[in-house]
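Student: Let me begin by handing over the structure; questions about it come next.
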Amino acid sequence: MLQLDHLILTQGGFRLTADWSASPGQRIAIIGPSGAGKSTLLSAIAGFFPAKAGAVQWNGQDLGGVAPGQRPVTILFQDQNLFPHMTVAQNLGLGLRPDLRLLPEDRTRVDDALTRVDLQGFGPRRPAQLSGGQASRAALARALLQARPILLLDEPFAALGPALRAEMLALVREVATETGALVLMVTHDPEDARALGGDTCFVADGVAHAPVETAKLLADPPAALQDYLGRK
């Protein structure tokens, strides 16, 4: 279980608090105004942003002293984190062995992951030879190979069109179901939150609120969320 235990994040005049937990297999969309702290919250969970107070815990372990690469976390950003000088297969191989000394069984796993996201045969290509949707699939395939229990998505599909974005969200749901990973996804679009399914954490006015079932939250949003959604 992920526990944000009286977590306080600060930087200059910025302050964000969070005090809630999330379970393996849960899918949580994180929405709120620009600058509210959505990406900062993910960065704190991933270990890139230090907490002012409180703790990020996983299964009772305080992750405060754990380096980002050693945390049970995979994070996907909007730029997909693909190295342009490497092939797609090599980018995926990093998810298994950072030194890329892949064994035959590792290469088989890379091929299987590419097939899983409908990119069979794309291993020799460079990221520049991929479309936006293909790059998103490759990044998700690497996350699948890493098989870490927490998957953080920081608007990785924001540049995609509605149809392709919906397709990628469906793939995320499938991967989460298969792996049992806890998924937290930052988005500005409430329809993406609906498509992800599960729950939504609304971030506004310095608070990352405890996740609530998405359908219920959007059907009867609190005043601050109504303002964000432009509802009267």
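Student: Let's see if you can work this out: charge +1 on each Lys and Arg Cβ, -1 on each Asp and Glu Cβ, no other charges. What is the dipole magnitude of the range 120-210 about its Cα centre, in debye to the nearest 20?
Tutor: So the magnitude is around 520 debye.
Student: For HIS6 and ALA170, calculate 0.36 nm times their separation in residues minus their Cα-Cα distance, and state this gained length in nm to one decimal.
Tutor: Result for the pair: 55.8 nm of gain on full extension.
Student: Relative contact order for the range 31-133: what is it in percent, counting Cα pairs under 8 Å that are at least 6 residues apart?
Tutor: Worked out over the range 31-133, it gives 20 percent.
Student: Can you compute the helix-only [θ] at 222 nm over the chain? Use -39500 (n - 2.57) per DSSP H run of at least 4 residues, normalise by all residues, nearest 500 deg cm²/dmol.
Tutor: About -10500 deg cm²/dmol.
Student: Taking θ as phi - 60°, what are the ³J(HN,Hα) couplings along the range 50-55 by the Karplus curve (6.51, -1.76, 1.60), each to the nearest whole Hz, with x for Gly and Pro?
Tutor: Result, ordered by residue: x, 7, 6, 7, x, 8 Hz.
Student: State the percentage of accessible surface on the chain attributable to carbon and sulfur atoms; use a 1.4 Å probe and exclude ligands, DNA and RNA.
Tutor: Summing carbon and sulfur atoms, their accessible area is 51 percent of the total for the chain.
Student: Turning to a different aspect of this structure: Cα centroids of the range 152-225 and the range 44-112: how far apart, whole angstrom?
Tutor: A separation of 21 Å, based on Cα centres.
Student: Once the dipole of the chain is set up with Lys and Arg at +1 and Asp and Glu at -1 on Cβ about the Cα centre, which of GLY64, THR200, ALA219 lies farthest towards its positive end?
Tutor: The residue sitting farthest along the positive end of the dipole is GLY64.
Student: Something else about it: Just the accessible area per residue of the chain, please: how many Å² with a 1.4 Å probe?
Tutor: Each residue of the chain exposes 46 Å² on average to a 1.4 Å probe.
Student: Sorted by accessible area (1.4 Å probe), largest first, how do ASP199, ASP19 line up?
Tutor: Highest to lowest solvent-accessible surface, that is ASP19, ASP199.
The values are calculated or read from the model by the stated rules, or taken from the named source; none is laboratory data. Keep in mind the model is a prediction, meaning the values are calculated, not measured. No Cβ is skipped: glycine too gets one built from the backbone with ideal geometry, and neighbour counts run over all protein chains shown. Calculation scope for accessible area: heavy atoms of the full protein, side chains included, ligands and nucleic acids excluded. Shrake-Rupley method; radii C 1.70, N 1.55, O 1.52, S 1.80 Å.
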